[in-house]
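A short worksheet on the structure shown next.
The values are calculated or read from the model by the stated rules, or taken from the named source; none is laboratory data. Worth saying up front: this structure is predicted, and the values here are computed from it rather than measured. Ideal geometry is used to build each Cβ from the backbone, glycine not excepted, and the neighbour counts take in all protein chains shown. The accessibility values were calculated without ligands, DNA or RNA, using every heavy atom of the protein model including side chains. Shrake-Rupley method; radii C 1.70, N 1.55, O 1.52, S 1.80 Å.
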Amino acid sequence: MTHSEIMLDYLDEGQIDEAMKEFARALRKDNDATLFSLAEELYSLGFLAQSKRTYERLLEKYPEEDTLKTFLADIAISEGKSDEALNYLSEIEEDSEAYLQSLMVAADLYQTQGMFEVSENKLLTAYKLAPEEEVIQFALGELYFNTKQFSQAIGFYLELIKSGQTELSQVNLVQRLGVSYANSGQFEKAMAYLEQIHLENMDSDTKLQMGLTYLQLNDQQKAIDILYDLKEEDPSYTSLYPILGQALSNENRLNDALLVYQEGLAVDEVNDTLYEQAATVALKLDDEKQAEKYLNKAIDINPDNTGILLQLSNLLVKQERDDEDIKLLEDIKSDGDVDPQIFWNLAISYERLEDYDKAEENYLEAYPYFTNQVDFLRSVIFIFRENGRQEELKDAIKHYLALVPDDQEIIDIQNDINY
């Protein structure tokens, strides 16, 4: 047996000290082909330092062997030594047999540094040189998938699957393709691939994606079934709760939806989305007290979420708690680009408190956005008439009567103006 073989046997038995003694002997006595195989084996076992020493010993003997440089660059990347990796790669010329592999290693390096465009350029160069190489197709698919460029990932996964590959590097390509289709909005195609995967072979991310895709396809029951399966398997997977709750709500199973949101909040008590959705369901169940509690919790977590603030404002307006509504909304009104519903809610509250100037100010802010809303137009007509805004009044009446042509009270107001 060679010293390399003896070393690997010792490693297999967990005798590290003896293995390292044999490693030193291998470097001195084993032939180059054996050492090359040893370096590969050590790398796969995670003994990077020993693998590196072996490749360096071989490179001293064969300084023009660029393949050794790619292996050393790869190890340097694993060790976080980017400059060292670049130094090795920069020595490899375009006419080298190892150039293609150097492009792949460089792409990996730039991905670890978050330089995804540079990595993409390296991989595309490699793809032009060897478009049939599956490892390059896979690398491009994974790059686009992980950077959420799903439409571009689809083509590369399709190439691999058409060539007969369904799994590479322990990655299920059918799953990847289905998820990519789903995230590109091609839901029917997504399900054609995702449904090929046996439930027991799906990871949590794929089950969630299937649930979300069924929801998009309006197949609520299938979404509910697979998400309940995911919840039973992995109740700590918090992303499932908003989607499962939505599917149950769509089926009008409101009590079940509220229970799911509560279970989600038990797992993730700082999830403002779950509080907001729970509040929406509580309102549908006419539990305004519970809804308000959830909304206030959501605001405590995310005070800048205007959607939640507006939902609470709608509740305050409904309950005629106008002072509280004004206090809630006036601060965010000054932030600039806000939902026009905020101006409408403020206008209602100011009008009920008989502050007609403030009411008019907010009605005017909201007016361009609600010229097709009957309730808004009817309210604004009386404010404009009260404050003598004749031009705005005429315009509001015109819009209103186009929607409700037989409202005699508004027709009378119009006749008075014309008279």
Using a 1.4 Å probe, what is the accessible area per residue for the stretch 286-391, in Å²?
54 Å²
Taking a threshold of 21 Å on the Cα-Cα distance, which of the pairs Lys148/Lys297; Lys122/Lys148; Lys148/Lys231 fall above it?
Lys148/Lys297; Lys148/Lys231
Estimated dipole of the chain in Debye, rounded to 20 [Cβ of Lys and Arg +1, of Asp and Glu -1, Cα centre]:
440 debye
Once the dipole of the chain is set up with Lys and Arg at +1 and Asp and Glu at -1 on Cβ about the Cα centre, which of Phe116, Leu259, Gln414 lies farthest towards its positive end?
Phe116
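Which net charge results for the neighbourhood of Leu27, defined as the other residues with beta-carbon distances under 9 angstrom from its beta-carbon, given Lys and Arg at +1 and Asp and Glu at -1?
+4
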Please give the helix 220-233 orientation as an angle from the longest Cα principal axis of the chain, in degrees from 0 to 90, rounded to the nearest 10.
50 degrees
Rounded to the nearest 10 degrees, the helix 99-112 long axis (Cα) sits at an angle to the longest Cα principal axis of the chain of 40 degrees
How much of Ile332 can a 1.4 Å solvent probe reach, expressed as accessible area in Å² and rounded to 10?
20 Å²
Whole-Å distance linking the alpha carbon centroid of the stretch 7-71 with that of the stretch 245-296 is 59 Å
Give, in whole angstrom and from largest to smallest, the semi-axes √(5λ) of the equivalent ellipsoid of the chain, with λ running over the eigenvalues of the Cα gyration tensor.
66, 25, 22
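Give me the percent of accessible area attributable to carbon and sulfur for the chain, probe 1.4 angstrom. Walk me through the numbers before you get to the answer.
Details: 9760 of 22090 Å².
Carbon with sulfur: 44 percent of the solvent-accessible area.
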Which log10 I(q)/I(0) values, to two decimals, does the stretch 227-318 give at q = 0.17 Å⁻¹ under the Debye formula with one point per Cα?
-0.66
Solvent-accessible area per residue for the stretch 2-100 (1.4 angstrom probe, square angstrom):
56 Å²
Per residue accessible area in Å² of the stretch 135-229, where ligands, DNA and RNA are left out and the probe is 1.4 Å:
47 Å²
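What is the percent of Cα-Cα separations in the stretch 33-139 that go past 21 Å? Don't jump to the answer; show the numbers that get you there.
Details: 1960 of 5671 pairs.
Percentage above 21 Å: 35.
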The stretch 265-391 - Kirkwood radius from inverse mean 1/r over Cα pairs (Å):
15.4 Å
Hey, got the Cα dimensions of the stretch 124-258 along the principal axes, in Å, largest first?
59, 25, 23
Charge context of Gln221, other residues only, Cβ under 11 angstrom, K/R +1, D/E -1
-1
Before rounding to the nearest 500, sum -39500 (n - 2.57) across all DSSP H runs of length at least 4 in the chain and divide by the residue total; then give [θ] at 222 nm in deg cm²/dmol.
-23500 deg cm²/dmol
For the stretch 44-198, what is the charge dipole size about the Cα centre, in debye to the nearest 20, if Lys and Arg each add +1 at the Cβ and Asp and Glu each add -1 at the Cβ?
560 debye
How far is helix 340-352 tilted off the main Cα axis of the chain, in degrees rounded to 10, range 0 to 90?
30 degrees
Can you report the principal axis dimensions of the stretch 339-391 using only the alpha carbons, biggest first, rounded to whole angstrom?
23, 22, 16
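In the neighborhood of Lys122, defined by Cβ-to-Cβ distances under 13 Å, what is the net charge if each Lys or Arg adds +1 and each Asp or Glu adds -1?
On the way: positive: Lys128; negative: Glu94, Asp108, Glu117, Glu120.
Net charge around Lys122: -3.
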